[in-house]
Amino acid sequence: MNQSSILDRLSALDTNTVSDALDFLGLKGATYGLRPLWDCPKIVGRASTVKLGRKTDAAPTAHLLTPVIDAVTTDDRILVISGGTDGVSCWGDIIANASKVRGIRGTIIDGMSRDIDGSRDVSYPLYGRGVTMISARNRLVQVDTGTPLQMRGVTVHQDDYVIADRCGTVFVPAKSIEEILEYGERIDRRQTLMVQAVRAGHPVSEVMHDTQFEAIREGTSSPTAAASAPSFKGNPKKASPEDQELVALFADLDTPAVSDALDKLGISGQAFGIMPLANYNKITVGPAFTVRYVPASDPPGSVGDFIDDVAVGDVVVIDNGGRTDCTVWGDIMTQYAGLRGIAGSVIDGVCRDVNRAINDDYPLFTAGRWMRTGKDRVQVGGVNESIGIGKVRVEPRDIVVADANGVVVVPRDRVREVAEVARKVEKSEAGIREMIAGGATIAEAREQLGYHTLQRKG
């Protein structure tokens, strides 16, 4: 098979599917923490490996990476760089421009970048651990090229295959590429049928049953055919009148106002480290449907059947113990949750298939994103019981408020009290904004409207 054909086939997949294919074959390749450093496109290509290390002498050297960039002669290359140091850059705008001119497809750094706007301005895809402003000059040097290196626990060889997208980065051993592609394409076809079945109205417990996944290994067609499914009738589980009343109390209130109210009342409810998948404009409010995940048993148990029991307007709140090594939410769950009118999902853990959630505008709030499945790694340990999310205790039917700032959880028996205080906070802050727009100093406005006592317990 020629290289162009291989890269075209790999480009038709995403990191989630390739990660699943690696799982089926018992191979390592999925990495956690190497994410897009700007909103860059998916990249697919072959690895040109570069190993960096700390500079230990004062001798002048060529700027790191420049010899490797100058040596590239084909248009299928992705630079794969190891040995980066937290807080120190090993990439910048000049080498991004040089790489773009040489036809390099992108760069994956187990390290940091600076001048990120420079890479974005020339549409040069860049993935790594994060950004910094500190130069690598006199701190890092190029140690080796074209040799095996470690990228977040994965061994990458020169000419291995690379695929990176919004969920992260996966490396595919060159010797296994055809087998990985075959499994990946089989998984992709099966996932398409599963999504169609969900859209058509099949219960997700049936669609995501283990037998459906095992059929991927066997290469058989799906027994759950979307064409034979009933048309989707909507979610039969409706919000109760009390739930609707409590949710309505938070109309037009955002998480900062609710957080201030929680502080004033001495209630711990701010979920630490749980952040929105996108910069949502709307506020998500709903009763918590709690789910607790545990490590998988032998044989493994269910990973997603609970969603058939979630009512319209509920927020699914999942405690996966903050695990970032496997996900508990993907595109089929997103599709099904949206069809059933579920308000959103909050996960103390990671999600995947983020393009689906972003494109569908389905609210997801998580501790991160990664592409590796939780199947056979975790299973549902319990539903509608007390759980912990971002250092906050969540009881079933507590009220969840989530927006671009993060997530807060309001104990159900304190909802009316919290909402009343939050409205007072919001009214006072609106008054301050009005006064300073009219010419008052911020000190005058805060003093007159008692800003300094808004969050104080009492």
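The values are calculated or read from the model by the stated rules, or taken from the named source; none is laboratory data. Note that the coordinates shown come from a computational prediction; the quantities given were computed from them, not determined experimentally. All Cβ positions, even for glycine, are placed from backbone atoms using ideal geometry, and neighbour counts span all protein chains on display. Ligands, DNA and RNA are excluded from the accessible area calculation, which covers all protein heavy atoms including side chains. Shrake-Rupley method; radii C 1.70, N 1.55, O 1.52, S 1.80 Å.
Quick check: convex hull of the Cα atoms in the chain, volume per residue, rounded to a whole Å³?
177
Computing the accessible area with a 1.4 Å probe over protein heavy atoms, can you report the carbon and sulfur percentage for the chain?
49
What is the Cα centroid distance between the stretch 140-171 and the stretch 287-337, reported in whole angstrom?
If you average the Cα positions of each part, the centres end up 32 Å apart.
Principal axes first, then extents: for the Cα atoms of the stretch 51-143, list largest minus smallest coordinate on each axis, whole Å, largest first.
Largest to smallest, the principal-axis extents are 35, 25, 18 Å.
Taking only protein heavy atoms and a 1.4 Å probe, what accessible area per residue, in Å², does the stretch 14-95 have with all protein chains in place?
Value returned for the stretch 14-95: 41 Å² of accessible area per residue.
Would you mind getting the accessible area per residue of the stretch 299-410, heavy atoms of the protein chains only, 1.4 Å probe, in Å²?
29
Would any residue of the stretch 400-427 have its amide N under 14 Å from a label point 7 Å out along Cα→Cβ of GLU242? List them or say none.
So the set is 412-416.
Rounded to the nearest 0.05, what FRET efficiency is calculated for THR56 and SER11 with R0 set to 56 Å and r the Cβ-Cβ distance?
0.85
Taking the full set of protein chains and a 1.4 angstrom probe, give the accessible area of LEU339 in square angstrom, rounded to the nearest 10.
That residue has around 60 Å² of solvent-accessible surface.
Please work out the FRET efficiency for the pair THR66 and GLU185, using the Cβ-Cβ distance as r and a Förster radius of 35 Å; give the result to the nearest 0.05.
That gives a FRET efficiency of 0.35.
Provide HIS157, HIS202 ordered by accessible surface of protein heavy atoms (probe 1.4 Å), highest first.
Heavy-atom accessible area, descending, gives HIS157, HIS202.
Which percent of Cα-Cα pairs in the stretch 116-217 sits in each 10 Å bin, short to long?
Using 10 Å bins, I get a P(r) of 11, 26, 29, 19, 11, 3, 0 for the stretch 116-217.
If you count, for each residue, the other Cβ atoms within 10 Å and average over each peptide, how do 138-146, 305-313 line up from highest to lowest?
Going by the mean number of other Cβ atoms within 10 Å, highest first, we get 305-313, 138-146.
Give me the Kirkwood hydrodynamic radius of the stretch 104-156, using the inverse of the mean 1/r over all pairs of distinct Cα atoms, in Å to one decimal.
That comes to 12.7 Å for the stretch 104-156.
What order do you get for 342-354, 423-435 when each peptide is scored by the mean count of other beta carbon atoms within 10 Å, highest first?
342-354, 423-435
Just to be sure I understand: of the beta bridges DSSP finds with both ends in the stretch 378-458, what percent are antiparallel, rounded to 5?
Restricted to the stretch 378-458, the bridges split so that about 100 percent are antiparallel.
Over 16 Å apart: what share of the alpha carbon pairs of the stretch 1-50 falls there, rounded to a whole percent?
Everything past 16 Å amounts to 55 percent.
In percent, how large is the relative contact order of the chain, given Cα pairs closer than 8 Å and 6 or more residues apart?
16
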